[in-house]
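These notes concern the structure reproduced below.
Taken together, the values in this text are just the output of simple stated rules run on the coordinates, not laboratory data. Owing to the predicted nature of the structure, the values given are computational and were not obtained by experimental measurement. For neighbour counting, all protein chains shown are included, and Cβ atoms are generated from backbone atoms with ideal geometry for every residue, glycine included.
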Amino acid sequence: MKIKSLLSVLALGLGTTAYAQDATPLQISGSVDTYYKYDFSKVGNIKTSFASEQNSVSLGMIDLALKKTTGKASFVGELSFGPRGQAQSIPNAAGAYDETDNSFHIQNLYINYAFSDKFSMTAGYMGTFIGYEVISPVGNFNYSTSYLFTNGPFQNAGIKATYVFSDKVSLMAGLFNDWNAYQDFNGVSHIGAQLMIAPVKGWTAYLNVLSGYAAGAAGTGTILDLTTAYQITDKFKLGLNAADYSVSDDNGGYTGAALYPQYAFTPAVSLGLRGEYFKYKGVAAAPDASVTSITLSGNIKAGGLTFIPEVRFDNDKDFTQSFVKSSLAPAKSASQFSLAAVYAF
Amino acid sequence: MKFISSFFLLITVAALAKAQKTAENILPVDERGKLIYYEVVDVKIPKDSLKIRAINYLKKQNKELKYKSTQGDTAFVATGKLVINKTLLVMSHPSGEVLYDFQVEVKDGKYRFWLTDFNFIPYQRDRYGNFVASTSVGIPLEKDPGKLNASQWKEYQVQTTKYAKELATKFKVYMANKTPIVAPPKEKTVVKKEW
């Protein structure tokens, strides 16, 4: 009797699978990362996101993503566990930024409907469309992150419409929550747009804007962002990110630019540099302060595994980053070495 | 002793059979050193019908093939894309795509076609969790990937070979179709000066 029931359930399952003709298989992907970092002043000086623990073999995160497409509809659900994807990301599962509350972090949770090949709409919680770098170490060439990334949005919840005019031009516009918030407590308060242009083969540029009044903010914040990458030859790629963020009524913000030249010696071995200038805008009469940073990283790939050896030098002429020497005396500069292993599946 | 000899013989035969099977599973190379699937097919069909069938086929494969041009009166060129999937038991996701050229030439009673210039473009998961091309410049599939990625590269070559064979089969079935081919009617022109 039990076998009969089992066979019936199996037959029903197979029938359902056969009926769902337009469905693609469930995609499961993700990554795992771990790193060792050593700051030459023996103190964890550089405070950009992630890779922050000094002289320790430390954890990044395990990231698990599911994607399914059925006909014109699809969803993506992506969760991460571990310091990079929990307390170091914002917000955590409780919807708050709390270093002591380790739960999990939602990277993506959205539903997309493609009305046609050209027009689609997406609603949910998505990786931000602003900037060059992302939370997932698989999406970045350098393991440590830039000041532009750390100070910009990580994710945006909202609803957006995308129209693809051609392979070379597309436009996205949408309504969004406050930055990095599952729920917007002052209503859906931001508008954003992205114009994608691909002038020549291998060159893609994104012009982004996001503006709105966040709950409890001093003014309306507007970020303008250019993110572009050009694969100039089969070995050489050049990326650029430039952004300006201003909060109305002289309530601060930032401006900065980062250049990303990368050279692939072989498909498995490449070297990349990140040179960044970043300026904090002073609130009211407070002066501006700037930081410069140079990061040299290697990418050595073997199947899904990537080793990222990296050296980084930061200069903080205005002493805003609280860099210290090994004697704990204030310092203008900081330097570190790190070695990360990232496995993507 | 006999048992041990038989055991080693069996292992050797199995290894040889596996090596031969792998070699069969990868496309041969042409005089330029490029991987190629090449076939000449004899059919009792006139050139004009073959021509219409070839163009129809290339134009109908919206997602798989993109019709590019006609060279002379009897040669047709298209470009194609094959998505390589990484499949491990229950999980699967695209790990890259192979771009290729597809060419057909027809004559009375026969035609030939070939797939070549295979270039692999690796995919990378983007910020929204979708797999997208990480570069616009492909790596020739016959290129030696080095020791680090040898097994993965072999898998791309095997999947491409399997795909090329399946595409060839579908194409030959279409070209051999017995239903009569009707040339598309010429567009009617509106006569304005004479009435």
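Values computed for the structure shown
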item	result
222 nm mean residue ellipticity, helices alone, for chain A (DSSP H n ≥ 4; -39,500 (n - 2.57); rounded to 500)	-2000 deg cm²/dmol
Student exercise, segment A:23-344 dipole from Lys, Arg, Asp, Glu Cβ charges, in Debye to nearest 20	820 debye
Of A:Trp179, A:Ala161, A:Gly221, farthest towards positive along the dipole that unit charges on Lys, Arg, Asp, Glu beta carbons give chain A	A:Ala161
Calculated on alpha-carbon atoms, Rg and Dmax of segment B:26-175 in Å	16.8, 54
Compactness relative to 2.2 N^0.38 Å, alpha carbon Rg of chain A	1.09
C-alpha long axis of helix A:2-19 to longest principal axis of chain A, angle in °	70 degrees
Net dipole in debye of segment B:26-175 [+1 Lys, Arg Cβ; -1 Asp, Glu Cβ; about Cα centre; nearest 20]	380 debye
Sequence-separation-based contact order of segment A:23-344, relative, with Cα cut under 8 Å and 6+ spacing, percent	14 percent
Net +/- balance of residues flanking B:Leu99 in space, Cβ distance below 15 Å, scoring K and R +1, D and E -1	0
Flagged links, alpha-carbon separation over 28 Å, of B:Lys66/B:Lys86; A:Lys201/B:Lys34; A:Lys118/B:Lys68; B:Lys34/B:Lys165; A:Lys201/B:Lys47	A:Lys201/B:Lys47
Net charge, A:Ile106 excluded, C-beta distance under 13 Å - Lys, Arg +1, Asp, Glu -1	-2
Normalised alpha carbon radius of gyration of segment A:255-345 [divisor 2.2 N^0.38 Å]	1.37
Relative counts (whole %) of C-alpha pair distances in segment A:214-310, using bins that are 10 Å wide	14, 33, 25, 18, 10, 0
For A:Val43, residues with placed amide H under 5 Å, excluding near neighbours	none
Eligible aspartates and glutamates near B:Lys143 by straight Cα distance, threshold 20 Å, same-chain separation 8 or greater	A:Asp234, B:Glu24, B:Asp30, B:Glu31, B:Glu97, B:Asp101, B:Asp117, B:Glu155
